[in-house]
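Encoded as structure tokens, the structure appears first; notes follow it.
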Amino acid sequence: MIQEPRELTALAGSWRGQGQKIALVPTMGSFHAGHLALMHQARQCADQVVVSLFVNPIQFGSGEDLAAYPRDLQRDMELAAGEGVDVLYAPTTSSMYPAGFQTTVRVAELGRGLCGASRPGHFDGVCTVVMKLFSQTQAHLAVFGEKDFQQLAVIRRMVRDLDLAVDIVAHPTVREASGLAMSSRNSYLQDDEREQALCLYRAILFARQKVKGATQPLSAEVLRREIEGNIGQVPGCAVEYVEIVDPDSLERCETVQVNSRLIMAVKIHDRVRLIDNARLFEL
Ligand code: PAF
């Protein structure tokens, strides 16, 4: 494990000097099968795989779960080693944000709506730390999960806008057998809440069924309201947003298009905030 940014940068520089390809998997730890799938994919694409493990304080708002965020470094180290990760990079907060730190990377539009509306500044925190991680690891490619679809779109925009030489590789959402999208925050759910949390996956199945059965272009707004209504009927579930959007601009679609994405955030018992998304036309 490496904790010191300068140590990692020096190592990455020597890998680069030897012509080796570097892949980064940025994480906040508390690994589950979704993270392991990202590591597995990175392993296929590069000579050196760095997994960063950093619970980034600047992407949490006040009143969010920064202090409670699950942490288990020993277990994470073992799981990463099992996936053939070369370096687990776990910097301290003071080494990432030393006294005097004052730079923010902001993707203005894409980070504002959806999750950005209820988590102001969240994507600024994500972009700033990801930019630092790209720079420290000198990665040729970075693997992100589609589960955080807005994050993926924001990072892709940042890479294009800043001409970064990093390929962004998207990995499909990994689900539990029930359909629940893997998330570190699932550990906050009690048994009955796990059942309620399935409203997200059921919404995806419902929407896909509607799309499959449609004989003419479907109104995205009508479908969106139906989904919102269905989720609203599940006890303990409150919709934060349900949208059907273009996958690049994240702008609302008028009708459901071939590449339209259903994207949702739901609060379970006003305590656990879960997100999920999916393409509506199955490939
Ligand atoms: O998706 C996450 O776990 C985090 O947002 C990331 C990309 C590691 C940045 O802290």
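Quick note: the coordinates plus some simple rules give every number you see, no bench work behind them. Treat the numbers as computed from the prediction; the structure is a model and nothing was measured. Neighbour counts are summed over all protein chains in view; Cβ atoms, including those assigned to glycine, are modelled from backbone coordinates with ideal geometry.
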(request) Give me the orientation-averaged projected area of the Cα convex hull of region 1-120, in nm², one decimal. (result) 9.0 nm²
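Over region 142-193, what portion of Cα pair distances is larger than 13 Å, expressed as a whole percent?
Working: 867 of 1326 pairs.
Here the long-distance tail beyond 13 Å is 65 percent of all Cα pairs in region 142-193.
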(message) Ranking request for peptides 208-215, 44-51, 222-229: highest mean number of other beta-carbon atoms within 10 Å first, then the rest in descending order.
(response) 44-51, 222-229, 208-215
(message) Two decimals, Cα atoms only, Kirkwood Rh: what is Rg/Rh over region 96-163?
(response) 0.96
(request) Quick one: pull the percentage of alpha-carbon pairs in region 76-190 with a separation above 17 Å. (result) 65 percent
(message) So if I take the centroid of the Cα atoms in region 103-141 and the same for region 145-165, what is the distance between those two points in Å?
(response) 8 Å
(request) Please report the Cα spread of the chain along all three principal axes, rounded to whole Å, starting with the longest. (result) 57, 37, 37
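Assign unit charges at the C-beta atoms only (+1 for Lys and Arg, -1 for Asp and Glu), then state the dipole size of the chain relative to its Cα centre in Debye, rounded to the nearest 20.
Values: 29 positive and 34 negative charges, 58 e Å.
Around 280 debye, computed over the chain.
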(message) Quick check on the exposure proxy: order 101, 149 from fewest to most C-beta atoms within 10 angstrom.
(response) 101, 149
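What number, rounded to the nearest 500 deg cm²/dmol, is the helix-based mean residue ellipticity at 222 nm of the chain, given -39500 (n - 2.57) per DSSP H run of at least four residues and division by all its residues?
Value at 222 nm, helices only, nearest 500: -11500 deg cm²/dmol.
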(message) Can you compute the modelled spin-label distance between residue 32 and residue 4, with each label point 7 Å from Cα toward Cβ, in nm?
(response) 3.6 nm
(message) Using Cβ contacts closer than 10 Å as the measure, can you line up 147, 21 from fewest to most?
(response) 21, 147
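Net charge near residue 267, counting Lys/Arg +1 and Asp/Glu -1 over other residues with Cβ under 12 Å of its Cβ?
Numbers: positive: 185, 271, 273; negative: 193, 240, 270.
With Lys, Arg at +1 and Asp, Glu at -1, the neighbours total 0.
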(request) Show the residues, 5+ positions off or on another chain, whose built amide H is closer than 5 Å to the amide H of residue 139. (result) none
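If I stretch the segment between residue 160 and residue 94 completely, what's the gain in nm (0.36 nm per residue apart, minus their alpha carbon distance), one decimal?
Working: separation 66, 0.36 × 66 = 23.76 nm, distance 2.93 nm.
That pair, residue 160 and residue 94, stretches by 20.8 nm at full extension.
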(message) What does the net charge come to around residue 90 if you take all other residues with beta carbon closer than 15 Å to its beta carbon, with K and R at +1 and D and E at -1?
(response) -2
